[in-house]
1. Regarding residue 9, is this residue over 30 Å from residue 126 (Cα atoms), in a loop (DSSP other than H, G, I, E, B) and free of Cβ contacts under 8 Å to residues at least 60 places away in the same chain?
2. Could you say whether any residue in the range 74-95 is out of contact with any strand residue (DSSP E or B) (no Cβ under 9 Å at 6 or more places or on another chain) and assigned to a loop (DSSP other than H, G, I, E, B)?
3. Can you tell me which residue among 75, 30 is surrounded by fewer than 16 Cβ atoms within 10 Å (Cβ to Cβ) and more than 28 Å from residue 126 (Cα to Cα)?
4. If you scan the range 12-44, which residues turn out to be assigned to a loop (DSSP other than H, G, I, E, B) and farther than 18 Å from residue 84 by Cβ?
5. Which number in (1) over 22 Å from residue 23 (Cα atoms); (2) without any contact (Cβ under 8 Å) to a residue 60 or more places away in the chain marks the one condition that residue 82 misses?
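We did not get these values from a lab; they are worked out from the coordinates using the rules stated. Quick caveat, the model's predicted, so the values are computed rather than measured. Cβ sites come from the backbone with ideal geometry, for glycine too, and all protein chains shown count toward neighbours.
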């Protein structure tokens, strides 16, 4: 099954934010075209492309919709066929590391020392833990051939 293309829009050339998001979505679609995807996934992607192609030239709404559709496509392919962009897990685990590891470590350090002012000391520790876990998951995805030649930049 053939994946549909995004239509070119002249007005987005003036707005760099919309242009970069539109270009990034195009790069994601190019990376997906290189893969042999099930028809269900191609249908899902085509529905989102049709919706984007049918939107009028309202820049603010269009930029928001591009981001939403790109995220939906990435989540869907990750859930259904385990394909992920480059550094997908690292970016996800940075935030999780801070919240799940850094804050509890900081609270523990603050409680033990009797000075809650050192609460922030756990945040870099959590950041490091999240970065290591995410990077290892990205390496595993690369070695298994589940990584797209595409990176999310925003």
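1. Numbers: over 30 Å from residue 126 (Cα atoms): yes; in a loop (DSSP other than H, G, I, E, B): yes; free of Cβ contacts under 8 Å to residues at least 60 places away in the same chain: yes.
Criteria met by residue 9.
2. Scanning the range 74-95 turns up at least one residue that is out of contact with any strand residue (DSSP E or B) (no Cβ under 9 Å at 6 or more places or on another chain) and assigned to a loop (DSSP other than H, G, I, E, B).
3. Details: 75 fails: more than 28 Å from residue 126 (Cα to Cα).
On inspection, the qualifying residue turns out to be 30.
4. Of all residues in the range 12-44, those assigned to a loop (DSSP other than H, G, I, E, B) come to 15, 34-38.
Scanning the range 12-44 gives a single hit, 15.
5. (2) is the only condition that residue 82 fails.
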